[in-house]
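Asker: One structure coming up, written as structure tokens, with questions to follow.
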């Protein structure tokens, strides 16, 4: 440790006290089936003097209040990689339980989310890019307000683009409907590729404001 790039590589975010950091281990789609992992995270956080573990809105576990000199040892003890919460990249995927666990599920949101996570997360993008997958129209993963949102129903997935939260929240626009799992995964990749190709360093919704949804759809082919 010792310089800013090292700290960023650790996925560490300085906290309100200006002295300690928060880190978020990468847990794909927020799913933990190995309960020993939870114990290890708690034990390591306690060992290195963390102040709290916070469940985040992005289905992460943030370990809060870690001293800079403890970051290397903490990651070594965890044996995990960072789930970056900042930077111009594709963020961790948010997915509901879908048909894997939820009685309301109509599509396998969790399975699809894990595949998209493995393929795309932490890859570079013109701006931060948030993706979510919901297995039914209840949209528990909040796809309506994500850069790319997949919302399941009995006929497949509806793909929305350009949603966002923040000071100027906006709902996504429907790009295509009735996608199978395979088609949805492919289309997400194509949207990401086109976003990079256009190259405007703004959130996807603002890019759509400039190029137009119809033109964007046509360029997808």
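Bear in mind these aren't lab numbers, they're just calculated from the coordinates by the rules spelled out. Only a predicted model underlies this, so the values are computations on that prediction, with no experimental measurement involved. Because the Cβ atoms are built from the backbone with ideal geometry, glycine has one as well, and the counts that use them run over all protein chains shown.
Asker: Taking the Cα-to-Cβ direction at residue 67 and at residue 182 and moving 7 Å from each Cα, how far apart do the two end points lie in nm?
Answerer: 5.5
Asker: Still on this structure: What percent of all Cα-Cα pairs in region 94-220 falls in each 5 Å bin, counting up from 0?
Answerer: P(r) over region 94-220, rounded to whole percents: 2, 12, 23, 26, 19, 12, 4, 1, 0.
Asker: Here's something else I'd like to know. What nm value, rounded to one decimal, do you get for the distance between residue 219 and residue 100 when each label is placed 7 Å out toward the C-beta?
Answerer: Reported label-point gap for residue 219 and residue 100 is 3.3 nm.
Asker: Considering only 168, 76, 92, give the residue with the highest GNM mean-square fluctuation for the chain, with springs between Cα atoms whenever their separation is below 10 Å.
Answerer: Answer for the Gaussian network model of the chain: 168.
Asker: Using Cα centres only, tell me the gap between region 54-120 and region 153-189 in whole Å.
Answerer: 20
Asker: Going highest first, how would you order 101-107, 210-216, 21-27 by mean Cβ packing within 10 Å? Please list the in-between numbers first.
Answerer: Numbers: 101-107: 16.1, 210-216: 12.7, 21-27: 21.1.
Per-residue Cβ counts within 10 Å, averaged per peptide and sorted highest first, yield 21-27, 101-107, 210-216.
Asker: Here's another thing I want to ask about it. Specify the angular offset, from 0 to 90 degrees and rounded to the nearest 10, of the alpha carbon long axis of helix 35-47 from the longest principal axis of the alpha carbons in the chain.
Answerer: Around 50 degrees separate the two axes.
Asker: Can you put 142, 117, 19 in order of Cβ neighbours within 10 angstrom, beginning with the fewest? If you can, show how the numbers build up before the last one.
Answerer: Values: 142 17, 117 23, 19 10.
Ranking 142, 117, 19 by Cβ neighbours within 10 Å, fewest first, gives 19, 142, 117.
Asker: Mean residue ellipticity at 222 nm from the helices of the chain, using -39,500 (n - 2.57) per DSSP H segment of n ≥ 4 over the full residue count, to the nearest 500 deg cm²/dmol?
Answerer: Numbers: 8 runs with 77 residues, N = 221.
-10000 deg cm²/dmol, from helical runs alone.
Asker: What shape does region 4-78 have by the C-alpha gyration tensor, where a ≥ b ≥ c are the square roots of the eigenvalues, rounded means a/c under 1.5, and otherwise prolate means a/b greater than b/c and oblate the rest? It would help to have the intermediate numbers written out before the result.
Answerer: Details: a/c = 1.68, a/b = 1.44, b/c = 1.16.
Judged from the Cα gyration tensor, region 4-78 comes out prolate (a/c at least 1.5, a/b above b/c).
Asker: DSSP beta bridges in region 63-169, what fraction antiparallel, as a percent rounded to 5? Mind showing how you got there, number by number?
Answerer: Values: 7 of 14 bridges.
So the antiparallel bridges in region 63-169 amount to around 50 percent.
Asker: Further question: Compute the long axis of helix 181-198 from its Cα atoms, compare it with the longest principal axis of the Cα atoms of the chain, and write down the angle in degrees, 0 to 90, nearest 10.
Answerer: Tilt relative to the chain: about 80 degrees.
Asker: Here's a follow-up. Tell me the angle of helix 109-120 to the major Cα principal axis of the chain, expressed in degrees between 0 and 90 and rounded to the nearest ten.
Answerer: 70
Asker: While we're on this one: Relative contact order for the chain using alpha-carbon pairs under 8 Å, separation at least 6, rounded to a whole percent?
Answerer: Averaging sequence separation for qualifying contacts and normalising by length gives 13 percent for the chain.
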